[in-house]
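A.B. asks: Got a structure for you, questions after.
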Amino acid sequence: MELLSINDFTGKRRLRKQPSSARLIVTGFAAVILAGALILMLPIASKGPGHASFADALFTSTSAVCVTGLIVQDTATYWTAFGQAVIITLIQIGGLGVVTMAMSIFIASGRRIGLMQRSFMQDSISAPQVGGIIRLTGFILKGTALIEGIGAAVMAPTFIREFGLGKGIWYAVFHSISAFCNAGFDLMGVHKKFSSITEFVGNPAISVTIALLIIVGGIGFIVWNDIVTYKTDFRRYRLQSKVALVTTAFLIAIPTLYFFFFQTQALPRSTGARWLGAFFQAVTPRTAGFNSVDLTKFNDTGISVLTILQLIGGSPGSTAGGMKTTTFAVMLAEAIAVFAQSGDVHFFKRKVPEDTVRRAGAILMMYVTLFLVGGFIISSVENLPITTCLFETASAIGTVGLTLGITPHLTLISRTVLVLLMYFGRVGGLTIFFAMSSGPKISHSRLPKEDLTVG
């Protein structure tokens, strides 16, 4: 909390508390989720008699705002065009972030943007500094519109041939936004409920376009800025951009090769379609939620690889969730430093601050703990295999949206667990804890040291 001294009408000075950026983000996401749930409960939002239940509407709204993609009702067959429009709007808000959307409204209205609002925006998109934040916001909004527009234009011919002009354009726009925001919502239930894009596993115009939109949305806005500014001069990129790009490439290349050679039972037989399927399933687990093949055909090892990828997620300051690629990279580098007895964690001849390493360790522990606890609860309540339930909780807390088919059949307790995990995964564990705390605790005392054996 920041304390600002102001003068009231009596002329006396008093202190007024300003909300921290963490609390603004936490309450902002919660408010949008609740508003979305109430709108989705309107009779006009769902097909059939009556209206959607609050439980179904809340789950769908949470999944959309938290750009997850887990659903309890098929998006194409249960929700009307109005309901689908509400869902994609919630996805766009959740993907760019509540603070970013609020800032865009401020900028469009011509209102003056103060230092506090700029600081909120900096925290929201993980920007390195407050300076230039308005320009960066404009860059993000224009870039998002351009990329989503290109994605829709590439997919439109395929959807128009299959669904007609009006519906085809709508499908192209919906899936482009959903893919770029790493949401995983789809309208392919018109073929078969909960089928995702399995009908297009061998179609590059759909599967490759969606995969590229997922990658671009998931690498982070700061990375975009470096790519546009410095082009191919990789040496001039920020350390965050370098680590995010290299880690993302690694997490796509290795799983693609693994799926292609060791999960052949789940992939198409033709070589070209198999490469497309392997590549797509390597990209989508890190918070996208689409699937182009039947995930239930993966063996236990394949499911475990997907689960790990779901927990890692995308990069900081992006449309993606999860514990983030940089967290994974820092913890991996920390382990290597310990094994090599080198002491410092470093990338590209740059030392990573000790405080960053500590935060990465805390984030890893939070995600793994909640992932395991959530899986144990669902497994106990539903009497389902623990590996299946852990896949589902990894999907929720990583804001991925992949499922082995159990989500629509879960009871209220299990759905509540998933709702909380989706919210935690999108807002961020440290953000929630910082929002609940009263501020950093500064101690001037020094405690005596004593060694502790570990390992």
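The values are calculated or read from the model by the stated rules, or taken from the named source; none is laboratory data. Here the structure is a predicted model, which is why all the values come from computation and not from measurement. Only protein heavy atoms, including side chains, enter the accessible area calculation; ligands, DNA and RNA are left aside. Shrake-Rupley method; radii C 1.70, N 1.55, O 1.52, S 1.80 Å.
A.B. asks: Using 0.36 nm per residue of separation minus the Cα-Cα distance, give me the extension gain between Val246 and Thr27 in nm, one decimal.
C.D. replies: 75.5 nm
A.B. asks: Ok, one more. What whole-number volume per residue, in cubic angstrom, does the convex hull of the C-alpha atoms of segment 258-381 give?
C.D. replies: Taking only Cα atoms, segment 258-381 has a hull volume of 154 Å³ per residue.
A.B. asks: For Asp226, Asp355, give the ranking by accessible area with the largest first, probe 1.4 Å.
C.D. replies: These residues rank, largest area first, as Asp355, Asp226.
A.B. asks: For segment 178-310, build the convex hull from the C-alpha positions and give me its volume per residue in Å³.
C.D. replies: With only Cα atoms used, segment 178-310 gives 111 Å³ per residue.
A.B. asks: Can you tell me, using C-alpha contacts under 8 Å and at least 6 residues apart, the relative contact order of segment 233-313 as a whole percent? Please list the in-between numbers first.
C.D. replies: Details: 67 pairs, mean separation 22.3, N = 81.
For segment 233-313, the relative contact order is 28 percent.
A.B. asks: Expressed as a whole percentage, what fraction of the accessible surface of the chain belongs to carbon and sulfur atoms when a 1.4 Å probe is rolled over the protein heavy atoms?
C.D. replies: After summing per-atom areas, the C and S share lands at 64 percent.
A.B. asks: What pairs from Lys142/Lys351; Lys47/Lys192; Lys192/Lys297; Lys47/Lys167; Lys167/Lys297 go past 25 Å between their alpha carbons?
C.D. replies: In this structure, Lys142/Lys351; Lys167/Lys297 exceed 25 Å between Cα atoms.
A.B. asks: Once ligands and nucleic acids are excluded and a 1.4 Å probe is used, how much of Trp170 is accessible, expressed in Å² to the nearest 10?
C.D. replies: 70 Å²
A.B. asks: Show that you can apply the helix-only estimate: for the chain, add -39,500 (n - 2.57) for every DSSP H stretch of four or more residues, divide by all residues, and state [θ] at 222 nm to the nearest 500.
C.D. replies: After summing the helix terms and dividing by the residues of the chain, the value is -20000 deg cm²/dmol.
A.B. asks: Mind jotting down the three principal axis lengths of segment 232-306 based on Cα atoms? Whole angstrom, largest first.
C.D. replies: 44, 24, 19 Å, listed from the longest principal axis down.
A.B. asks: Looking at the chain, do any whole DSSP H helices span at least 30 angstrom along their long axis by alpha carbon and average -1.0 or above on Kyte-Doolittle, and which?
C.D. replies: 133-163, 239-262, 354-382
A.B. asks: May I pose another question? Across bins of 10 angstrom width beginning at 0, how are the C-alpha pair distances of segment 166-256 distributed, in whole percent?
C.D. replies: Going from the shortest bin to the longest, the percentages are 15, 39, 28, 15, 3.
A.B. asks: State the dimensionless ratio Rg/Rh of segment 137-213 (Rg: radius of gyration of Cα atoms; Rh: Kirkwood radius).
C.D. replies: 0.98
A.B. asks: Can you list the residues, at least 5 places off or on another chain, whose amide H is less than 5 Å from the amide H of Trp79, using H built in the peptide plane?
C.D. replies: Close amide H contacts, sequence-distant or interchain: Lys47.
A.B. asks: Relative contact order for segment 265-402 using alpha-carbon pairs under 8 Å, separation at least 6, rounded to a whole percent? Can you show the working numbers first?
C.D. replies: Numbers: 178 pairs, mean separation 39.1, N = 138.
Normalised by residue count, the contact order of segment 265-402 is 28 percent.
A.B. asks: Can you give the extra length, in nm with one decimal, that the chain gains between Val368 and Ala55 once fully stretched, where that is 0.36 nm per residue apart less the Cα-Cα distance?
C.D. replies: Details: separation 313, 0.36 × 313 = 112.68 nm, distance 2.66 nm.
Computed gain between Val368 and Ala55 is 110.0 nm.
A.B. asks: Which value, in Å², gives the accessible area per residue of segment 121-233 when a 1.4 Å probe is used on the protein heavy atoms?
C.D. replies: Per-residue accessible area for segment 121-233 comes out at 39 Å².
A.B. asks: How big is D, in µm² s⁻¹, for the chain by Stokes-Einstein at 20 °C and 1.002 mPa s if Rh is the Kirkwood radius over C-alpha pairs?
C.D. replies: On the way: Rh = 22.9 Å.
So the translational diffusion coefficient is about 94 µm²/s.
A.B. asks: Which semi-axis lengths, in whole Å and largest first, follow from the square roots of five times the eigenvalues of the Cα gyration tensor of segment 343-414?
C.D. replies: 34, 12, 9
A.B. asks: Kindly sort Lys449, Lys193 by accessible area of their heavy atoms, largest first, with the probe set to 1.4 Å.
C.D. replies: Lys449, Lys193
A.B. asks: Taking amide H positions as placed in the peptide plane 1.01 Å from N, state which residues far from His346 in sequence (5 or more) or on other chains have amide H under 5 Å from it.
C.D. replies: Val352
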